[in-house]
Structure formats: C-alpha cells, structure tokens
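Chemist: For reference, the structure I am asking about is given below.
No value in this document is a laboratory result; all are computed from the given coordinates. Here the structure is a predicted model, which means the values were calculated and not measured. Don't worry about glycine lacking a Cβ; one is built from the backbone with ideal geometry, like all the others, and counts go over all protein chains shown.
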Amino acid sequence: MENIIRKAQLACLMALAIMGLSACKKNGGTVAGDVEKYLTCKINGKLHEFNYSVNANDKPATDTVHFVVIGGWEKHDMVTGFGIDMHLKEGAKETTYTANDASDLLLAGKYSIQNMKDGKIVGTTIYNGGDLDGSSLTITSLTKWGVKATFSGKLKLLGGEEYLTVTEGKFSAPYN
C-alpha cells in the first residue's frame, strides 16, 4: 500500500512540475493578451492563490476538447500546488459538471504540499478529490486561447481520513 501511495505522489508531483515548467510566463496573476491568468480558491475558508505558472493542457488538435487539465503554484518555489484534471468522452462544453455516483465524469482535483527539511524535499502531502459526490466544475469560457471555470468540492488526504473543503474556486488558464 505504501508503494502505491508513493507512486501516486510521484505521479502527481511530476504532472504538476511538467505543467509548471511548460508555462510561457512565470509570474502569477498576469495578463496574456487581453485575458487574465489565475487559479484561486478557498481551502477550509482560507484564500489560496496558485497564480505562479498557471496554464492548461496543450491546445486541442480538434474542435472537440476531451480533457481539461489546469495547474498552478502558490509561489515560484513550487512547494504548494493545485491542479484539476477532467476527462469527457463527449467533449467539454460551457456548462456545469457535477460528480456523483451515477456520473461517468472523470474529475480530479489535487492539492499538493512538498514537505521540506534542510532545503530538500523529503515527501509530499497530497489531497485528492473532485470525484467525491457534490464536487463540481463550471466551464464559463472555452476558446482557442484556453479555458475559464469555477469549481468547488472536497479533497481527501491520500492514505488518510482528513478532508479539506474547497470553495470559491476559479481559474483562467491559457493552453500551452
């Protein structure tokens, strides 16, 4: 079980690192053209801004967007990050998607915190969710530039019982 948790932590860390490193601009809350880039939410009531290296997945090769992947970091040190991953067979639209037992929606949120000791990463604390009942994502804009949305839900500590509540989430992220 510990090996599975470690592999999941590594996969999350790698995905967030790749998204962070592939962004064109490295400053947060910026304006790209005439569209602002941001990723913010409240976690257990406290505002978090993951505006450093905010970006979405690569630009879709077709007019149908089958997945939406968003990520960002709180600071340039890339210690604390947040990401959302949503897959849709029929393609994404400007609408609300809500996770429940009956849905075939693949929606995942990840909040990760690098555990540091003496300036080195010694582990990663990960909270997963999105697929938990009641989690939702509302796409408000889906263009050739990127995607904008609002979101909320619950995240559960990987390998633990602790839950975090995510509210007032919103993002505006350009495609890579």
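Chemist: Between residue 176 and residue 117, what is the FRET efficiency for a Förster distance of 45 Å, r being their Cβ-Cβ separation, to the nearest 0.05?
Modeler: The formula returns an efficiency of 0.85 here.
Chemist: In addition: Can you classify the range 29-176 as rounded, prolate or oblate using the Cα gyration tensor, where a ≥ b ≥ c are the square roots of its eigenvalues, rounded means a/c under 1.5, and otherwise it's prolate if a/b beats b/c and oblate if not?
Modeler: Oblate shape, in that a/c is at least 1.5 and b/c is the bigger or equal ratio.
Chemist: Here's another thing I want to ask about it. Going Cα to Cα from residue 144, which lysines come in below 17 Å? Please leave out same-chain ones fewer than 8 positions away.
Modeler: Within the straight-line cut-off, residue 144 pairs with 37, 59, 93.
Chemist: Residue 44: net charge of surrounding residues, Cβ under 14 Å, Lys/Arg +1, Asp/Glu -1, itself excluded?
Modeler: Computed value for this residue: +2.
Chemist: Go through 114-122, 167-175, 43-51 and give me the packing order, highest mean Cβ count within 10 Å leading.
Modeler: For the peptides 114-122, 167-175, 43-51, the packing ranking is 167-175, 43-51, 114-122.
Chemist: Among the lysines, which have Cα under 18 Å from the Cα of residue 120 when same-chain residues fewer than 8 positions away are ignored?
Modeler: Correct list for residue 120: 75.
Chemist: Full extension from residue 36 to residue 89: what is 0.36 nm times the residue separation minus their Cα-Cα distance, to one decimal in nm?
Modeler: 16.2 nm
Chemist: Extending each Cα 7 Å along its Cβ direction at residue 167 and residue 125, get the distance between those two points in nm, one decimal.
Modeler: Rounded to a tenth, the inter-label distance reads 2.1 nm.
Chemist: Simple spin-label model, 7 Å along Cα-to-Cβ: residue 106 to residue 77 in nm?
Modeler: In this crude label model, residue 106 to residue 77 measures out at 3.5 nm.
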